[in-house]
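Colleague: Take this structure, written in structure tokens, and hold onto it; I'll ask about it next.
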Amino acid sequence: MFGKQVAKLESDMDSETLEEQKCQLSYELNCSGKYFAFKEQLKHAVVKIVREKYLKTTSFESQEELQTFISELYVFLVDQMHVALNQTMPDDVQGTIATIFTSSEQLRLFAFEAEVNENFEMAAAYYKERLVREPQNLDHWLDYGAFCLLTEDNIKAQECFRKALSLNQSHIHSLLLCGVLAVLLENYEQAEIFFEDATCLEPTNVVAWTLLGLYYEIQNNDIRMEMAFHEASKQLQAQMLQAQVTKQKSAGVVEDIEERGKRESSLGPWGITNGSATAIKVEAPAAGVAMLILDKEDSRAKKIKTILTTQTWDPKASKCQDSSAFLHPGLHYGVSQTTTIFMETIRFLMKVKAVQYVHRVLAHELLCPQGGPSCEYYLVLAQTHILKKDFAKAEEYLQQAAQMDYLNPNVWGLKGHLYFLNGNHSEAKACYERTISFVVDASEMHFIFLRLGLIYLEEKEYEKAKKTYMQACKRSPSCLTWLGLGIACYRLEELTEAEDALSEANALNNYNAEVWAYLALVCLKVGRQLEAEQAYKYMIKLKLKDEALLAEIHTLQETVGFGNPSF
């Protein structure tokens, strides 16, 4: 109402003008009905205060009791109004307030943590928040689609992958994942379009040719299957040799390329060893394979556009399904000296959580002359059985993996997770400690540190827990890593450090009841009554499930004589 007038007069405005503006404002508020509407809005805030501050949820027994309560409430509300006004309009110039910004990668980590803890609802919320922030980010759709694959919501996964493909119709991973989902949903005609288009767009992609071959196998088309696997093998051979040449160049050991080509070694079908190979540069598809595909390129591009236009997406209708599936921390294995087209494909499928498709590829890896049982093969088998909660089979495969490569940190990390999920925390602790003692890290250290720290807390080894959680906070900070550090410091009576760590945890996720619980304990210990009450109220509102921790808080509240607003 008075913006232009204030800007014009600035500091020259006198008290009479201010009083006149106040009267005009009151008149406008009452005549327009906005004052009444504002009071209606305030009712919700007052009800919330009555329930959280005074813990009053039942009716009053008498009119006298009601009036007494209203008087107390009015005094409290007026005091709070003055506090709020003083904070909002201080005498001096108010400085900028620092805001906590959570990056997309942090949200992805938080979602991953929620998956591992089987809190699929929270994981879905984090993934959707990423989509809301950057709806045009292709990777966000792929990540959410992979999550839907984990929870076996294949329809929703298909929608996500097709949305990603619509953002970039030349994105190879989106094409491959659309093809995988089409096979899982038995839309074989569409699967062929996606896989063949992927091989046309990126003729050197080993995984694309392998998935195309697997599709032809399902269709009982042995000739095309053999041709696709052969092309995949040739591309893998060329890439491995190129990597070997690059490595030798960097080491200053370069041989004559033409002479090396003459000393080519014979290769088994669809596999490559660490010996020499026939090609130096990555080649285009063989003529026979190209003829099968290139003549359809224009029509396929039109078909893909048609498929994508029929897709519908409704985020509001999306709900994370309940699922018994459990995501184990992903093991992104490094490429070994001996690899096959099938193991390359397995790595891709495990990364995107397409576990439903993995066993078909594992069967080929087992029968492949250059493949067969390996440490990595048994690790993948063990991981798939952990997902099914078949712990006995998983342990059997892990024993075989350990026999093949006893010093592989991934073996010990996965064994630790297996024992942890089984409830055998002493064995899990031994495996985790062995894992972190290796010079080379396991593929996924975040959950190794989290779970090892939790075991240390259970066994009251607080110094070790503090050290472990500090390593986790340095590597990949999250609410859970800071919470663990805060608990360890609190148990060590390092209250300042505990409060700092818990504040960091709260900044990353202020919906964690356990964080508020330990903040309440810290405030009770240091004698800050108001903050102790606030933390306790939030803890109650978020429904803390740890009964022992709740009992500890109540005992401390009775000892110090404050902290519970219901007293």
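Residue-by-condition table, conditions (1) open to solvent by less than 100 Å² (accessible area, probe 1.4 Å); (2) of a type in the set (S, T, N, Q); (3) over 26 Å from Tyr536 (Cβ atoms); (4) without any contact (Cβ under 8 Å) to a residue 24 or more places away in the chain:
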{"residue": "Met1", "(1), (2), (3), (4)": "no, no, yes, no"}
{"residue": "Ser15", "(1), (2), (3), (4)": "yes, yes, yes, yes"}
{"residue": "Glu28", "(1), (2), (3), (4)": "yes, no, yes, no"}
{"residue": "Leu42", "(1), (2), (3), (4)": "yes, no, no, yes"}
{"residue": "Val46", "(1), (2), (3), (4)": "yes, no, no, no"}
{"residue": "Val50", "(1), (2), (3), (4)": "yes, no, no, yes"}
{"residue": "Lys53", "(1), (2), (3), (4)": "yes, no, no, no"}
{"residue": "Thr58", "(1), (2), (3), (4)": "yes, yes, no, yes"}
{"residue": "Ser71", "(1), (2), (3), (4)": "yes, yes, no, yes"}
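Colleague: Spot the failing condition for Val439; the list is (1) open to solvent by 30 Å² or more (accessible area, probe 1.4 Å); (2) under 20 Å from Cys473 (Cβ atoms), and only one is missed.
Modeller: (2)
So that you can scan it fast, the table gives a plain yes or no per residue for (1) open to solvent by 30 Å² or more (accessible area, probe 1.4 Å); (2) modelled with pLDDT of 90 or more; (3) not acidic (Asp, Glu):
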site: Val526; (1), (2), (3): yes, yes, yes
site: Glu531; (1), (2), (3): yes, yes, no
site: Glu547; (1), (2), (3): yes, yes, no
site: Ala551; (1), (2), (3): yes, yes, yes
site: Pro565; (1), (2), (3): no, no, yes
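Colleague: Let me ask you something else. Quick test for you: out of Gln94, Gln21, pick the one residue that is on the phi < 0 side of the Ramachandran plot, open to solvent by 50 Å² or more (accessible area, probe 1.4 Å) and at pLDDT below 85.
Modeller: Exactly one residue qualifies, and that residue is Gln94.
Colleague: Restricting to helices (runs of 4 or more DSSP H) lying wholly in region 1-93: which have 1 or more residues that are closer than 30 Å to Gly563 by Cβ?
Modeller: Helices (runs of 4 or more DSSP H) meeting the threshold: 34-53, 63-88.
Colleague: Are there helices (runs of 4 or more DSSP H) fully within region 110-211 with at least 3 residues that are of a type outside the set (Ser, Thr, Tyr) and open to solvent by 30 Å² or more (accessible area, probe 1.4 Å)? List them.
Modeller: Because the criterion is at least 3 residues that are of a type outside the set (Ser, Thr, Tyr) and open to solvent by 30 Å² or more (accessible area, probe 1.4 Å), the helices (runs of 4 or more DSSP H) in region 110-211 that meet it are 120-133, 154-167, 188-201.
Matching residues to (1) touching a Ser or Thr at 6+ places or on another chain (Cβ under 6 Å); (2) open to solvent by less than 40 Å² (accessible area, probe 1.4 Å); (3) of a type outside the set (Ser, Thr, Tyr):
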| position | (1), (2), (3) |
| --- | --- |
| Tyr378 | no, yes, no |
| His385 | no, yes, yes |
| Ala394 | no, yes, yes |
| Leu407 | no, no, yes |
| Asn410 | yes, yes, yes |
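The values are calculated or read from the model by the stated rules, or taken from the named source; none is laboratory data. Predicted model only: the values in this text are computed from it and were never measured. Don't worry about glycine lacking a Cβ; one is built from the backbone with ideal geometry, like all the others, and counts go over all protein chains shown. When the accessible area is computed, the model is the full protein with side chains, heavy atoms only, and any ligands, DNA or RNA have been set aside. Shrake-Rupley method; radii C 1.70, N 1.55, O 1.52, S 1.80 Å.
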